[in-house]
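Each remark here refers to the structure printed beneath this line.
Bear in mind that the values in this text are calculations on the coordinates, not laboratory data. Model, not experiment: these values are computed from the prediction. Backbone-built Cβ (ideal geometry, glycine too); neighbour counts: all protein chains shown.
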Amino acid sequence: MSQKRIGVIGGDGIGPEVVAQAIKVLSAATGGDAFVFTQLPWGAEHYLQTGVTVPEGEFERWRREFDAIFLGALGDPRIPDMRHGRDILLGARMRLDLFINMRPIKLLDTSLTPLRDRAPEDIDYVIFRENTEGLYVGMGGQLRPGTRHEVATSAMIATYRGTERIVRAAFDHAVEHDLGRVCLAIKHNAIPHAHGLWNRVFQEVRTEYPTIDSSQLYADVAAMELVRDPTRFDVLVTSNLLGDILSDLAAQTVGGLGVAPSGNIHPGQVSLFEPVHGSAPDIAGQGKANPLAAILTAAMMARHLGYGEDAGRIERAVQMLIREGVTTPDLGGSETTVSAGDAVCRRL
């Protein structure tokens, strides 16, 4: 297999710290020569120094030169409007058409879940969130801003093409990974136009997958079921806003964002992988940051790029450390960011 080219954006706060550990673990798992890493400077410091968030043509360069992008975290209190974060992350999602936001939800150890009497085999599913439409496209405006008569609007966008391809991706994933169920979470009772389209598309696509048990839930019911009975889910597919909310709720049932990987994916094209925790500037540089989400994200990226066996080894090593309590303080251990990464390498 040819070397895979990875563009690396350490980002802000703890981002560079956890990314360094993820790269170290990925290199250890794959023998050190499977991936070529190129550091990219985009982030708060670069923006504050140059006034540039992402240079013109950068996303097209990503298409040409990289197999994937690995991102740490974005967010800096010196940039309160998060302009650089929007331009980098949302820009990549839109400009590279990364229409799948994939969030694996897997309980690695019983000690991590706040749910009563749940074991690892009870919580193991994936959320497919539509990533380029919905309320996050930025369509809308304000009338009389800053006054008591201000009016603000945001438009929810749903297209047949965008809806059909994310629904189909969820069913294809279920078939490929021998998963028996796909569930759609929507609110077509309250949002009849945009989510009515989602409902119609789902009903259409499901007929092409007769071996998959397909169902749908109102999103508020789905939220309750993620807590009450997570065993009922294999693949959950939903819209952009609802997926943002449901995936973070789901992550909390398996230990929180400190163990939550994600991918922004367009099959067959350059995709972007990121742990979904924040940049935590209050603990940056103190060695307290938990690198496990970044390490699990690196494993997810490796699997996406064809290194499934190595990805599995990384995931099992992380699971072993959690069960042994060899973790950073947020998970009850006493390791530093670096020593936690070293511990994963030793288990490999």
Gain upon complete extension [Asp342, Glu309; 0.36 nm per residue less C-alpha separation]: 9.9 nm
Within a 10 angstrom radius of the beta carbon, how do Tyr136, Tyr218 rank from fewest other beta carbons to most? Tyr218, Tyr136
Whole-Å distance, taken between Cα centres, linking the range 114-169 and the range 40-109: 18
Which percentage, to the nearest 5, of the DSSP beta bridges contained in the chain is antiparallel? 40
Lys and Arg at +1, Asp and Glu at -1: add these up for the other residues within a Cβ distance under 15 Å of Asp12 and post the number. -4
Expected sort for Val8, Val18 with the fewest Cβ neighbours (10 Å cutoff) up front is Val8, Val18
Of Pro55, Pro41, Pro261, the one that fluctuates the most in a GNM where the chain has Cα springs shorter than 10 Å: Pro55
Please report Rg (one decimal) and Dmax (integer) in Å for the Cα set of the chain. 20.1, 62
Which order do the peptides 95-105, 225-235, 203-213 take when ranked by the mean count of other beta-carbon atoms within 10 Å per residue, highest first? 95-105, 225-235, 203-213
May I ask what percent, to the nearest 5, of DSSP beta bridges between residues of the range 124-252 are antiparallel? 25
How are the C-alpha pair distances of the range 124-252 spread across 5 Å bins, as whole percents from the shortest bin up? 2, 10, 21, 21, 18, 12, 6, 4, 3, 2, 1, 0
Expected 222 nm ellipticity per residue - DSSP helices of 4 or more, -39500 (n - 2.57), all of the chain, to 500: -11500 deg cm²/dmol
Residues whose built amide H sits under 5 Å from the amide H of Lys187, excluding neighbours closer than 5 in sequence, are Ala219
³J(HN,Hα) across the range 223-238 via Karplus (A = 6.51, B = -1.76, C = 1.60, θ = phi - 60°), whole Hz, x for Gly/Pro? 4, 5, 6, 4, 8, 5, 8, x, 5, 7, 10, 10, 10, 10, 10, 7
Taking max minus min of the Cα coordinates of the range 1-54 on each principal axis, largest first, gives extents in Å of 39, 22, 9
Under a Gaussian network model of the chain whose springs join Cα atoms within less than 10 Å, the largest fluctuation of Gly51, Gly278, Gly11 belongs to Gly51
Quick one: which residues, 5 or more positions from Val8 or on another chain, have an amide H under 5 Å from its amide H? H modelled 1.01 Å from N in the peptide plane, none for Pro or chain starts. Thr38, Gln39, Leu40, Phe70
Once Thr153 and Arg63 are pulled to full extension, the length gained, defined as 0.36 nm per residue separation minus their Cα-Cα distance, is 29.0 nm
What residue among Gly140, Gly243, Gly255 has the largest mean-square fluctuation in a Gaussian network model of the chain, using Cα springs under 10 Å? Gly140
Using a Förster distance of 30 angstrom, determine the FRET efficiency expected from the C-beta separation of Glu56 and Asp172, and round it to 0.05. 0.30
In whole Hz and in residue order, list the ³J(HN,Hα) couplings for the range 147-153 that follow from phi through the Karplus curve 6.51 cos²θ - 1.76 cosθ + 1.60, θ = phi - 60°; x for Gly and Pro. 10, 6, 10, 4, 10, 10, 10
For the pair Asp81/His193, report the inter-label distance in nm, with labels modelled 7 Å from Cα in the Cβ direction. 2.9
